[in-house]
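Colleague: A single structure is presented below for examination.
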Amino acid sequence: MSTPAAIRFRGVAAGWHDHAIWEHVDVEVRPGEFVAVLGPNGVGKSTFVKIVLGLVAPTAGEVRVLDVAPGAANRRIGYVPQRRNFDASVRVRGIDIVRLGLDGDRWGVPLPLPWTRARRREEDARVRRAIETVGASAFAERPIGEISGGEQQRLLIAQALVRDPELLVLDEPLDSLDLPSQAAIAALLGRICAEDGVTVLLVAHNVNPILAYLDRVVYLAHGGAASGTPAEVITAATLSRLYDTPMEVLHTADGHVVVVGQPEAPHGDAHAHLLR
Amino acid sequence: MILDLFAYQFMVNAFIAGTIAAVIAAVVGWYVVLRRETFAAHTLALIGFPGAAAAALFGWPVALGYFVVPGLGALAMVAGRGRGEARAGVETATVGTIQALALAIGYLLVTLSHANLSAAQAMLFGSFLGITSTQVVVLTAVGVGILVAMSCIARPLFFASVDADVAEARGVPSRALAAAFLLIVAATVAAVSQITGALLVFALLVIPAATAQRLTARPGRGVAIAVVIAVAVTWAGLATSYVADVPIGFTVTSYAFALFVLVRALSRLAR
């Protein structure tokens, strides 16, 4: 317990004072871990992310992110929000989108003055490095609306990485990607976590593409959350207790898990919750 | 022949005022196109017409009407958005209603003031004949103010425009920026209206920016190209209007449109 936790939730609740979407959530994420936030649609997974970023205040409990209050360390956090597709009419290059991660919050315009040359070189190198890390060099110069969803997602991850964050937060980064792209992005995130020591917090509704890289999962439910290694949490006993309904966890021959059951989602979401 | 143009003070004024209007329209317009706020911009331009008509009726400077009413309109739009209807889609019906009312009131005011038809035409379709030296001074001050403001907010506004969620997480005040930008648009269309008229503001605000975004996906270069196009079509339009005695609104718009079509066709061919 020498190093402080990357993310710590103690008895946290979210929602409105008379109507919690989830409550009694305790989570502790160690630095350098790869963590997935799982749960049925509408359970408040994105709210979890927004609390980590300080964009939404919890209604109860204590939250610490990178050992400070949420929102206070956002410069040390890379954030990739949900569902951002740039359509074909967006005539902005990928590299410009990446660069915004570095200087998009600065006022004024950069002037090509001689004494800022060293700094501009250094910033150009950082942008190029982030683009190389995610393997996007081949299409970074093209308008972002003209490249595929998987390629856009790589550039958005590069944007989140360009300031060398300690924590990378991604909301459904694999959503609406084809299966090969899902596998490739998952592998990329696993590599960033393992090689660069970046803590990765990822929201997903399908655990399988990322299962091999996960250190910890947080299963959100109306009443609380279950947190631990995938082997501890994704079990029939834990999930049945959490969702208060019989659930089954099946393991396929190729190492995938399938969760069968119908956890009650707060917004009347009656989908069978299948983690293929 | 071309130098004859500058023998008259009113032509010198027209060139200076036109150049200023072209530069700010192109810079601000690049963001308007990027943010897809052309409808809001059009409305702000249109409500300048009753403003100008009221000023003519009560004997105030016309520029005052052009600036004050769209400024108030921008504030009203910001206040409307503040109630949670953050995205532009919700406001289109309201804004469309206001547009219709603005045109009707403008027409009433023009009729009441017994202004001749050409005064109403100038308010709607532009004129380069009556630009006074005072107007040039006002335009210069407004233009410098707009350019300074735009260069201050250039990057955060770009960030908030293409990537609002991440920008907000990074602490970019995207709501305040959206409000500030709408006020800048109001000031810009007020300035540009005095050359192109309320209806043809888009000739300088949207067409050069849209053309530039066809030509390049680089932000800095895009703004620069938009400025070059806007200034070029303004100068060409002024010269043509002077020589051939055709309305300035028509010449500037036609040149800008022709360039847009040309670039579109060429970029199709290049693919």
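Colleague: Pairs only if they're at least six apart or on different chains, beta carbon under 7 angstrom, first in segment A:210-230 and free of Cβ contacts under 8 Å to residues at least 24 places away in the same chain and more than 10 Å from residue A:34 (Cα to Cα), second of a type in the set (Lys, Arg) and open to solvent by 30 Å² or more (accessible area, probe 1.4 Å); list them, first residue then second.
Modeller: A:228/A:216; A:229/A:216
Colleague: Would you confirm whether or not segment A:194-202 contains a residue that is of a type in the set (D, E, K, R), on the phi < 0 side of the Ramachandran plot and surrounded by 23 or more Cβ atoms within 10 Å (Cβ to Cβ)?
Modeller: First, pick out the residues of segment A:194-202 that are of a type in the set (D, E, K, R): A:195-196.
Applying the additional criterion that residues be on the phi < 0 side of the Ramachandran plot yields A:195-196.
From what is left, the residues that are surrounded by 23 or more Cβ atoms within 10 Å (Cβ to Cβ) are none.
No, that holds for no residue.
Colleague: While we're here: Would you please list the contacts, defined by Cβ atoms under 6 Å and residues six or more apart or on different chains, that run from a residue in segment B:159-174 that is more than 7 Å from chain A (Cβ to nearest Cβ) to a residue that is aromatic (Phe, Trp, Tyr) and assigned to a loop (DSSP other than H, G, I, E, B)?
Modeller: Qualifying pairs under 6 Å: none.
Colleague: Having 3 or more residues that are open to solvent by less than 10 Å² (accessible area, probe 1.4 Å) and within 25 Å of residue B:251 (Cα to Cα) is the bar; report the helices (runs of 4 or more DSSP H) wholly within segment B:1-86 that clear it.
Modeller: B:9-35, B:38-46, B:48-58
Colleague: Taking segment A:78-111 as the region of interest, how many residues are within 10 Å of another protein chain (Cβ to nearest Cβ) and either in a loop (DSSP other than H, G, I, E, B) or loosely packed, with under 13 Cβ neighbours inside 10 Å (or both)?
Modeller: 17
Colleague: Also: Residue A:160 passes all but one of (1) in a loop (DSSP other than H, G, I, E, B); (2) crowded, with 22+ Cβ neighbours inside 10 Å; which number fails?
Modeller: So residue A:160 meets the others, but not (1).
Colleague: Are any residues in segment B:185-218 part of a helix (DSSP H, G or I), open to solvent by 20 Å² or more (accessible area, probe 1.4 Å) and over 28 Å from residue B:118 (Cβ atoms), and if so, which ones?
Modeller: B:210, B:214, B:215, listed by residue number.
Colleague: I'm told residue B:216 meets every condition in (1) under 30 Å from residue A:143 (Cα atoms); (2) hydroxyl-bearing (Ser, Thr, Tyr); (3) in contact (Cβ under 8 Å) with a residue 40 or more places away in the chain except one. Can you identify the failing condition by its number?
Modeller: Result: residue B:216 fails condition (3) only.
Colleague: Within segment B:126-147, is even one residue farther than 26 Å from residue B:46 by Cβ, of a type outside the set (Ser, Thr, Tyr) and within 13 Å of another protein chain (Cβ to nearest Cβ)?
Modeller: no
Colleague: Let me ask something additional. Just to be sure I understand, how many residues within segment B:248-271 are within 13 Å of residue B:211 (Cα to Cα) and among the hydrophobic types (A, V, I, L, M, F, W, C)?
Modeller: 10
Colleague: Right, something else. Residue check, residue A:60 against (1) under 20 Å from the mean Cα position of the chain (by Cα); (2) of a type in the set (A, V, I, L, M, F, W, C); (3) surrounded by fewer than 16 Cβ atoms within 10 Å (Cβ to Cβ), all met but one. Which one?
Modeller: Just one mismatch for residue A:60, condition (1).
The values are calculated or read from the model by the stated rules, or taken from the named source; none is laboratory data. Just so it is clear, the structure is predicted and the values come from calculations on it, not from any experiment. As a convention, Cβ positions derive from the backbone with ideal geometry for all residues, glycine included, and neighbour counts pool all protein chains shown. Please note that ligands, DNA and RNA were not included when accessible areas were found on the heavy atoms of the full protein model with its side chains. Shrake-Rupley method; radii C 1.70, N 1.55, O 1.52, S 1.80 Å.
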